[in-house]
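This report concerns only the one structure given below.
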Amino acid sequence: MITPIEGFSKLSKDQKIKWIAENYTQNTEGTTALLKRYWNDDLKVQQLHDEFIENTITNYYLPFGIAPNFLINDQLYAIPMVIEESSVVAAASKAAKFWLTRGGFKATVLNTEKVGQVHFMYDGKFNQLTTFFNQLKPILKNDTAVLTKNMEKRGGGLLDIELRNKSQDLKNYYQLHCTFETQDAMGANFINSCLEQFSKTLKREFEASTLITEYHNTLEVVMSILSNYVPNCIVKAEVSCPIEDLNEDKNIAPQVFAEKMLRAVAIAKVEPFRAVTHNKGIMNGIDAVVLATGNDFRAVEAGVHAYAAKDGSYTSLTHASIENGIFKFWIEVPLALGTLGGLTSLHPLVKLALEILQKPSAKELMKIVAVAGLAQNFAAIRSLVTTGIQEGHMKMHLMNILNQFEATEIEKKILMEHFKKNTVSHSAVVALLEKLRT
């Protein structure tokens, strides 16, 4: 019987591995060997990775790929992508190549405002709280001056503080809604530090105010935290060309192809079951670049999906139109990204990824990431309305199936050649592999 362990975090890495292997796996020696196999031979690099998180026992590898030939605002990029799903990098690369000779991608950052909030409960009259807040606001700014000083030197800082009445949604609930500009930093630590000072100032000033001394009201700060919903930190990416230039596939006329693309996007706008998968494909591209550049893909995912539902129903993040003979395909998406701080200056491969991208600013990275999402979505819809998604995906997935069954190099060569002209399915691969082996 397994019993709880005390002081696990204080054990050495070898001791942690020994405990997990003995208590939770069937092959202690095999588990130990497997975990140590993924350690980095460079002790300094391994220590660096060990210190990224807590209770580290090994490294977990994901493929680091490159999608070349992205022409963005007339500059050519090779985009690093970190993802485990087959066909994603290939699809992005194919879309990049398609648009390379059709003007490339255009991308614009529309705004870069980020949000943090102090959530509190107050049981008095709102007009009295408003008067108190108007006196409090300059004090809040003054108390965080030491925190915002360096950010202001870089052109960022605190933009505004608003008092918001949310008591109709939740009894006695109010908030300080704060907006920030964090320049090339994602800014989470900066924002949270400011918010925690705001909460201290709010409590201190309230206790000395007439709201408590005269009116005997109460105020309780519940929490102070940034928001990953950034509807005013938006980047737009787009492609467009004359319809007759959509002529790469000889099996479908350009006008028919353009109309099919429009209908596919229209369906994703009105049908949430389709929209979720549609947007998941977009996030294949976005997350892969976010991961490669050391940014927080969970925060990006949460903010993007909230944005997709901002009008009351979950819908497509991409849009398409045909006007005056021009096909246009675009995306507007919230992306709070950074190229300074966090893993961007620590992880060796993150630093390399940013170097490959020509050391972009946060705004430039927003454009690149949005383009990757748009390219991924174009590639996916293009497959869906022409050959179907499985033909290309399964051919890319073929190697995974072969590795799953430990195919030899000779077997791989034979099966790869066979499935160049035949439909790939798991059962078909297994059947042919068994036939070869017997």
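Could you tell me which of the residues Asn251, Asn217, Asn192 is part of a loop (DSSP other than H, G, I, E, B) and either surrounded by fewer than 17 Cβ atoms within 10 Å (Cβ to Cβ) or touching a His at 6+ places or on another chain (Cβ under 8 Å) (or both)? If you could, list the steps in order and put the result at the bottom.
Working: Asn217 fails: either surrounded by fewer than 17 Cβ atoms within 10 Å (Cβ to Cβ) or touching a His at 6+ places or on another chain (Cβ under 8 Å) (or both); Asn192 fails: part of a loop (DSSP other than H, G, I, E, B).
Going through Asn251, Asn217, Asn192 in turn, just one is part of a loop (DSSP other than H, G, I, E, B) and either surrounded by fewer than 17 Cβ atoms within 10 Å (Cβ to Cβ) or touching a His at 6+ places or on another chain (Cβ under 8 Å) (or both): Asn251.
From the list Ala107, Ala92, exactly one residue is touching a residue at least 12 places away in the same chain (Cβ under 8 Å), small (Gly, Ala, Ser) and part of a strand (DSSP E or B). Which is it? First the steps, then the outcome.
Numbers: Ala92 fails: part of a strand (DSSP E or B).
Within the list Ala107, Ala92, the selection yields Ala107.
Against the condition part of a strand (DSSP E or B) and surrounded by fewer than 20 Cβ atoms within 10 Å (Cβ to Cβ), how does Ile139 come out, does it pass?
The answer is no for Ile139.
Taking into account only those residues within region 195-214 that are buried (at least 17 other Cβ atoms within 10 Å of the Cβ) and among the acidic types (Asp, Glu), which is farthest from Ile139 (Cα to Cα)? Outline the logic, then answer.
If we filter region 195-214 for residues that are buried (at least 17 other Cβ atoms within 10 Å of the Cβ), which is where we start, we get 195-199, 201-202, 205-206, 209, 211.
Those left that are additionally among the acidic types (Asp, Glu): 196, 205.
On the way: Glu196: 14, Glu205: 9 Å.
Residue satisfying both the conditions and the ranking: Glu196.
Within region 274-281, identify whether any single residue is of a type in the set (Lys, Arg), within 26 Å of Thr101 (Cβ to Cβ), surrounded by 14 or more Cβ atoms within 10 Å (Cβ to Cβ) and out of contact with any Ser or Thr (no Cβ under 6 Å at 6 or more places or on another chain), and answer yes or no.
Step one: list which residues in region 274-281 are of a type in the set (Lys, Arg), which gives 274, 280.
Restricting the remaining residues to those that are within 26 Å of Thr101 (Cβ to Cβ) gives none.
No, region 274-281 contains no residue that is of a type in the set (Lys, Arg), within 26 Å of Thr101 (Cβ to Cβ), surrounded by 14 or more Cβ atoms within 10 Å (Cβ to Cβ) and out of contact with any Ser or Thr (no Cβ under 6 Å at 6 or more places or on another chain).
Does region 158-174 hold any residues that are surrounded by fewer than 16 Cβ atoms within 10 Å (Cβ to Cβ) and not charged (D, E, K, R), and which are they? Working first, answer last.
First pass over region 158-174, keeping only residues surrounded by fewer than 16 Cβ atoms within 10 Å (Cβ to Cβ): 159-160, 162, 164-172.
Residues satisfying the conditions are Leu159, Asn165, Ser167, Gln168, Leu170, Asn172.
If Ile267 meets every condition in (1) part of a helix (DSSP H, G or I); (2) aliphatic (A, V, I, L, M); (3) within 21 Å of the chain's Cα centre (by Cα) apart from one, which number is that one?
So Ile267 meets the others, but not (3).
Each row is one residue, and each column tells you yes or no for (1) touching a residue at least 24 places away in the same chain (Cβ under 8 Å); (2) assigned to a loop (DSSP other than H, G, I, E, B); (3) surrounded by 14 or more Cβ atoms within 10 Å (Cβ to Cβ); (4) among the β-branched types (Val, Ile, Thr).
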| position | (1), (2), (3), (4) |
| --- | --- |
| Leu337 | yes, yes, yes, no |
| Pro360 | no, yes, yes, no |
| Val371 | yes, no, yes, yes |
| Ala379 | yes, no, yes, no |
| Arg382 | yes, no, yes, no |
| Lys421 | no, yes, no, no |
| Val429 | yes, no, yes, yes |
| Leu432 | no, no, yes, no |
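Please verify whether region 206-216 includes one or more residues that are within 27 Å of Asn150 (Cα to Cα), touching a strand residue (DSSP E or B) at 6+ places or on another chain (Cβ under 8 Å) and modelled with pLDDT of 95 or more. Walk me through how you get there before you give the answer.
Here is the first cut: in region 206-216, the ones within 27 Å of Asn150 (Cα to Cα) are none.
No, region 206-216 has no match at all.
For region 130-145, state whether one or more residues are within 30 Å of the chain's Cα centre (by Cα) and either touching a residue at least 40 places away in the same chain (Cβ under 8 Å) or under 30 Å from Leu335 (Cα atoms) (or both). Give the derivation first.
Of the residues in region 130-145, the ones within 30 Å of the chain's Cα centre (by Cα) are 144.
So of that shortlist, the ones also either touching a residue at least 40 places away in the same chain (Cβ under 8 Å) or under 30 Å from Leu335 (Cα atoms) (or both) come out as 144.
Looking through region 130-145, at least one residue is within 30 Å of the chain's Cα centre (by Cα) and either touching a residue at least 40 places away in the same chain (Cβ under 8 Å) or under 30 Å from Leu335 (Cα atoms) (or both).
Would you tally the residues in region 293-311 being without any contact (Cβ under 8 Å) to a residue 60 or more places away in the chain, of a type in the set (D, E, K, R) and buried (at least 17 other Cβ atoms within 10 Å of the Cβ)?
The total comes to 1.
In region 19-60, which residue that is farther than 24 Å from Gly342 by Cα and in contact with a helix residue (DSSP H, G or I) (Cβ under 7 Å, 6 or more places away or on another chain) is surrounded by the fewest Cβ atoms within 10 Å (Cβ to Cβ)?
Glu22
Checking the structure you have, find out if any residue of region 55-67 is of a type outside the set (Ser, Thr, Tyr), within 23 Å of Asp287 (Cβ to Cβ) and touching a Ser or Thr at 6+ places or on another chain (Cβ under 6 Å). Before you say what the answer is, go through the steps one by one.
Kept after step one, since they are of a type outside the set (Ser, Thr, Tyr), are these residues of region 55-67: 55, 57, 59, 62-67.
Now drop any that are not within 23 Å of Asp287 (Cβ to Cβ), which leaves 59, 62-67.
Of the ones still in play, those that are also touching a Ser or Thr at 6+ places or on another chain (Cβ under 6 Å) are 67.
Yes - at least one qualifying residue is present in region 55-67.
Results for (1) free of Cβ contacts under 8 Å to residues at least 12 places away in the same chain; (2) closer than 27 Å to Gln376 by Cα, shown as yes or no for each residue.
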position	(1), (2)
Asn189	no, no
Ser193	no, no
Ile225	no, no
Cys233	no, yes
Asp245	no, yes
Lys250	yes, yes
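Results for (1) buried (at least 16 other Cβ atoms within 10 Å of the Cβ); (2) under 30 Å from Glu205 (Cα atoms); (3) more than 28 Å from the chain's Cα centre (by Cα); (4) outside the structural domain of Gln183 (by TED's automatic domain parsing), shown as yes or no for each residue.
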| residue | (1), (2), (3), (4) |
| --- | --- |
| Ser86 | yes, no, no, yes |
| Ala90 | yes, no, no, yes |
| Lys94 | yes, no, no, yes |
| Leu100 | no, no, no, yes |
| Lys106 | yes, no, no, yes |
| Val118 | yes, yes, no, no |
| Met121 | no, yes, yes, no |
| Gln128 | yes, yes, yes, no |
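The values are calculated or read from the model by the stated rules, or taken from the named source; none is laboratory data. Keep in mind it's a predicted model, so treat the numbers as computed, not measured. Note: ideal-geometry Cβ built from the backbone for every residue, glycine included; neighbour counts use all protein chains shown.
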